[in-house]
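The values are calculated or read from the model by the stated rules, or taken from the named source; none is laboratory data. Keep in mind that what you see is a predicted model, and the values were worked out from it rather than measured. Cβ coordinates were reconstructed from backbone atoms using ideal geometry, including for glycine residues, and neighbour counts include every protein chain displayed.
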There are 2 protein chains.
Amino acid sequence: MITDPSPGAPPLTIRTARPDDWPALWRIVEPVVREGETYTYPTDLTSDEARDLWLAAPPARTVLAEAGGAVLGTARMGPNKPGHGDHVGTAAFMVAPAARGRGVARALAEHVIAWHRAEGYRGIQFNAVVETNTAAVRLWHSLGWRTVGTVPGAFRSPAHGDVGLHVMFRSVDT
Amino acid sequence: MITDPSPGAPPLTIRTARPDDWPALWRIVEPVVREGETYTYPTDLTSDEARDLWLAAPPARTVLAEAGGAVLGTARMGPNKPGHGDHVGTAAFMVAPAARGRGVARALAEHVIAWHRAEGYRGIQFNAVVETNTAAVRLWHSLGWRTVGTVPGAFRSPAHGDVGLHVMFRSVDT
């Protein structure tokens, strides 16, 4: 999948991540984990622990977005639950700080939606979108996710104190 | 913790489950898993896989309820998320078919609430309560949980088709 996020920029390519991509992915994942504002990962996660969490095995999948040889973002996707809940998927996204505001997350999300459709999933659920992550909330709403509900105070934001976690859902038309 | 679920019945005792309790617990867990109406566990789960999922290690905890030497129910509890979400707990409950309607789930839930309070949790979240499990939904509402939202069609019920999964939350007063 190739998109063109801005005029004159090198085209963005999205492909499956390989184990040897991890050093480049960790440069994106580490600052997000250390900051602790958008995910419930332990902020002292090691590179090895993060690799085991982020690099998915089938039926889940991890992709990266690159442009001009630089890795700009990554997404992890797969079933949200096992058993009789595995027709609903989930996904997580991280974008390099220097690449924000350039449509990388949107391109990754459109890729994730297409993947779920192709794999026969019937919906995509986000379990814990931090309510102060307003750029993400706006983007998910613009891409068809709605907020199903908000668990009050379920996230301890270093910058904002106790804030809610949104559960979000989007149907996938087959 | 000791309660008396019905006049004349032997008193119900709740205690931490030990590894050697697994054969008795599996007799409760297996029919719930095989039926596939109330949890998203794979319905072909083996005893070993179920033991690894159900018997918790700290900071999580698994308990059982017994009366007159018979194990009647079990609950698993612990943090719902790691990192900046680990001040909210979660729990799961199973009751032996022959022991239903005798207050075992209520006694286990009251024990779970007390445990979360003692451990300093500030809330208890259920991530996936099957909406057709009306006895459970009624019980959780009566014990102070509210439905935060419902993910539509997120559970394939063998008996009812696609049904919603409730996200439920209850504050824990310190």
B:Ala92, sole failed condition from (1) more than 14 Å from chain A (Cβ to nearest Cβ); (2) among the small types (Gly, Ala, Ser); (3) not in a loop (DSSP other than H, G, I, E, B): (1)
Per-region count, segment B:126-141, residues in contact (Cβ under 8 Å) with a residue 24 or more places away in the chain and farther than 18 Å from B:Gly36 by Cα: 2
Filter result for the condition that a residue is in contact with an Asp or Glu (Cβ under 6 Å, 6 or more places away or on another chain) and at pLDDT 95 or above, over A:Thr46, A:Thr13: A:Thr13
Single match in A:Gly153, A:Gly120 (criterion: of a type outside the set (A, V, I, L, M), at pLDDT 95 or above and touching an Asp or Glu at 6+ places or on another chain (Cβ under 6 Å)): A:Gly153
Cβ pairs under 6 Å, 6+ apart, first in segment A:146-174 and among the β-branched types (Val, Ile, Thr), second surrounded by 19 or more Cβ atoms within 10 Å (Cβ to Cβ) and outside any strand (DSSP E or B): A:Val163/A:Glu131; A:Val172/A:His116; A:Val172/A:Tyr121
Filter result for B:Thr132 (among the polar types (S, T, N, Q), crowded, with 21+ Cβ neighbours inside 10 Å and at pLDDT 95 or above): no
Yes/no for B:Arg76 being under 24 Å from B:Pro58 (Cα atoms) and among the basic types (Lys, Arg): yes
Those residues of segment B:143-174 which are on the phi > 0 side of the Ramachandran plot and surrounded by fewer than 17 Cβ atoms within 10 Å (Cβ to Cβ), in sequence order: B:Gly144, B:Gly161
Matching residues, segment B:41-51, being within 13 Å of another protein chain (Cβ to nearest Cβ) and more than 16 Å from the chain's Cα centre (by Cα): B:Pro42, B:Thr43, B:Asp44, B:Leu45, B:Glu49
